[in-house]
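Undergrad: Quick one: the structure is below, questions incoming.
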C-alpha cells in the first residue's frame, strides 16, 4: 500500500488543553531576552539587558575589510616596529647609520607596496589553482613569475 502524508488535525478541546494553549500563546508573544550569568562571589546574578553581538556570515567581514583598505591610502604597518626592523637590519651592515624621517617613511611605503603587489599576484595564483586560500607555494610561484628570489639572475 502507498504511504501518504498525514496532515495534522485539530483535536477536540478540553479544559486542560485550553489552559495549555493560552500559556503557550503568551510565551510565544513575549520577546526572548538573552540572559548572562555574572559571578558575584559564589552566587550568580542574571543580566537581562545584555544584547548579543551581531554575528556575520563567513566571508562578509573579509569583504568589508577589503573594501575599507582599498579606499584608504594610510600605511598598514605600524611605524615604530617598522623603524626598529630597519635599524636592526642596517646595524648588521654598519653600526652608525642615521635616518631622516622622510627616508624611513619612503622605505615603509616601498615595502608595503611590494608586499601588497606580491599578495595580489599570490591571490591570482591561488584563484588559478581553483582555491580561495593562498599558500606558500603560491607566493613562490608569484615570485618566480616576477623573476625574483633565487631564480633571478
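Readers should treat all values here as calculations from the given coordinates under stated rules, not as data from a laboratory. Here the structure is a predicted model, which means the values were calculated and not measured. No Cβ is skipped: glycine too gets one built from the backbone with ideal geometry, and neighbour counts run over all protein chains shown.
Undergrad: Students often check this: by mean Cβ neighbours within 10 Å, which of 60-68, 121-129 ranks highest, and how do the rest follow?
TA: For the peptides 60-68, 121-129, the packing ranking is 121-129, 60-68.
Undergrad: When 85, 24 are ordered from fewest to most other Cβ atoms inside 10 Å of their Cβ, what list results?
TA: With the sparsest Cβ surroundings first, the list reads 24, 85.
Undergrad: Next up: Can you tell me how much longer the chain between residue 17 and residue 63 gets when fully stretched, taken as 0.36 nm per residue apart minus their C-alpha distance, in nm with one decimal?
TA: 11.4 nm is the gain from fully extending residue 17 to residue 63.
Undergrad: Dividing the convex hull volume of the Cα atoms of the range 60-151 by its residue count, what figure in Å³ per residue is obtained?
TA: Per-residue hull volume (Cα only) is 131 Å³.
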